[in-house]
Amino acid sequence: MLYKRNPQLNKNGELIHLLSTEGLSRDMLTHILDTAANFVSVSDREVKKVPLLRGKSVFNLFFENSTRTRTTFEIAATRLSADVINLDIARSSASKGESLLDTIANLSAMAADIFVVRHSESGAPYLIAQHVAPHVHVVNAGDGRHAHPTQGLLDMYTIRHYKKDFANLTVAIVGDVLHSRVARSDIHALTTLGCAEVRVVGPQTLVPSDMSQMGVKVFHNLEEGIKDCDVVITLRLQNERMSGALLPSSQEYFKRFGLTTEKLQLAKPDAIVMHPGPINRGVEIDSAVVDGPQSVILPQVTFGIAVRMAVMSIVAGNEA
């Protein structure tokens with residue numbers, strides 16, 4: 001009865017929506033990563049297409065602004081030979097007062113097969129998934145502070161690509177964890193995949209008090225938090241989601257928690273540095289680190305296309 005507990009799965013335990021990394025088994029996460037590995041080489045072909053979603057329609061519904069995520073989803077769907085429809089939500093009926101579910105119902109009537117949804121409200125993709133027809137699939141491209149599962153998966157793919165195995169890794173997630181849906185998706189995936197130690201590092205005002213319940217170690221000192229780490233994931237300082245004075249200033253934040261070349265030396269010599277983007281250089285991370293030899297930030301973006309191809313091909317291949 002697994003599907004009744006997890007709305008992402010059908011009665012056979014197959015993935016029909018991707019709403020969160022939480023609740024997905026190690027086997028399911030590994031299946032997605034393995035499928036993505038098969039798609040990485042598509043980017044190197046002269047004709048960068050496979051016919052897996054030919055005849056399918058993918059609707060990108062971004063109720064929040066996005067460049068990187070929206071573009072990589074569009075590229076991924078196009079490479080799967082799908083028809084891609086990007087909606088300008090700012091000018092759509094939703095901006096005129098139409099409810100979310102009415103918007104979805106009308107778009108479904110236009111023969112949508114996959115909805116890729118980014119929304120400022122946590123849980124919006126879950127609501128949509130509960131109200132679409134069995135042949136329609138929902139992929140969460142980020143909802144509120146809750147989850148960003150494809151970013152979490154591309155982060156896992158990047159780590160596995162460079163480190164091969166999660167079993168002996170120490171991973172530090174540094175920064176604005178309080179407002180970060182990426183951090184939550186990463187933590188759920190890392191712990192499920194058997195990562196040896198997951199650390200959360202940040203000022204007390206930006207680290208939720210219940211973090212230790214998620215199986216992570218909490219640090220409020222950057223030097224202690226990244227010491228001997230294999231992977232350092234820096235998070236963007238999300239000023240647009242902050243209410244009140246959670247920080248004295250961005251300069252003070254960089255002084256205490258900004259990742260510099262000097263501080264990075266406390267991690268293992270072969271540690272990799274990641275960032276979900278967009279990057280605030282000189283706030284959460286120094287340009288010398290972004291552009292340095294340990295940075296894998298640009299490969300993350302490249303892998304993101306293959307991971308999103310994998311997710312859409314898997315959900316579309318499993319009917320409810």
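Can you tell me which residue among H179, H161 is under 16 Å from the mean Cα position of the chain (by Cα) and in contact (Cβ under 8 Å) with a residue 24 or more places away in the chain?
After applying the criteria, what remains is H179.
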From the options G292, G258, G225, G215, residue that is at positive phi and either over 21 Å from the mean Cα position of the chain (by Cα) or small (G, A, S) (or both): G215
Where the second residue is crowded, with 21+ Cβ neighbours inside 10 Å and among the small types (G, A, S) and the first is in contact (Cβ under 8 Å) with a residue 24 or more places away in the chain and in a loop (DSSP other than H, G, I, E, B) and lies in region 202-229, which pairs have Cβ atoms under 6 Å and are six or more apart or on separate chains? G202/G175; C229/A172; C229/A267; C229/A271
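If we scan region 184-200, do we find a residue that is assigned to a strand (DSSP E or B) and of a type in the set (V, I, T)? Even if it seems obvious, please write down each step before you answer.
Just the residues of region 184-200 that are assigned to a strand (DSSP E or B), to begin with: 197-200.
Narrowing the set further to residues that are of a type in the set (V, I, T) leaves 198, 200.
Yes, the conditions are met somewhere in region 184-200.
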Mind checking which residues of region 282-301 are over 19 Å from L206 (Cβ atoms) and out of contact with any strand residue (DSSP E or B) (no Cβ under 7 Å at 6 or more places or on another chain)? A288, D291, G292, P293, L298, P299, V301
Residues that are crowded, with 24+ Cβ neighbours inside 10 Å, at least 3 per element: which helices (runs of 4 or more DSSP H) completely within region 256-320 meet that? 297-316
I need a count of the residues in region 32-88 that are under 30 Å from R236 (Cα atoms), open to solvent by 70 Å² or more (accessible area, probe 1.4 Å) and of a type in the set (V, I, T). 1
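On the given criteria, is R181 buried (at least 21 other Cβ atoms within 10 Å of the Cβ), basic (K, R) and under 27 Å from L24 (Cα atoms)? First the steps, then the outcome.
Values: buried (at least 21 other Cβ atoms within 10 Å of the Cβ): yes; basic (K, R): yes; under 27 Å from L24 (Cα atoms): yes.
Yes; evaluated as a whole, the condition is true for this residue.
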Given the conditions (1) at pLDDT 95 or above; (2) under 29 Å from Q238 (Cβ atoms); (3) open to solvent by less than 20 Å² (accessible area, probe 1.4 Å), and given that T103 satisfies all but one, which numbered condition is not satisfied? (1)
I'd like the full set of residues that are at pLDDT 95 or above and either over 16 Å from A172 (Cβ atoms) or polar (S, T, N, Q) (or both), limited to region 194-246. G194, N221, T234
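Answer with yes or no whether A147 is under 25 Å from P269 (Cα atoms) and open to solvent by less than 10 Å² (accessible area, probe 1.4 Å). Explain how you work it out, then say what you get.
Numbers: under 25 Å from P269 (Cα atoms): no; open to solvent by less than 10 Å² (accessible area, probe 1.4 Å): yes.
No.
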Looking across region 267-297 at residues that are of a type in the set (S, T, N, Q) and free of Cβ contacts under 8 Å to residues at least 40 places away in the same chain, the single one that is nearest to C229 (Cα to Cα) is Q294
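Can you say whether L153 is open to solvent by 10 Å² or more (accessible area, probe 1.4 Å) and more than 16 Å from A271 (Cβ to Cβ), as far as the supplied structure shows?
Numbers: open to solvent by 10 Å² or more (accessible area, probe 1.4 Å): no; more than 16 Å from A271 (Cβ to Cβ): yes.
No; evaluated as a whole, the condition is false for this residue.
The values are calculated or read from the model by the stated rules, or taken from the named source; none is laboratory data. Every value quoted in this text rests on a predicted model; they were computed, and no experiment measured them. Every residue, glycine as well, gets a Cβ built from its backbone with ideal geometry; the counts of neighbours run over all protein chains shown. Note: accessible area is taken over every heavy atom of the protein model, side chains too, but ligands, DNA and RNA are not part of it. Shrake-Rupley method; radii C 1.70, N 1.55, O 1.52, S 1.80 Å.
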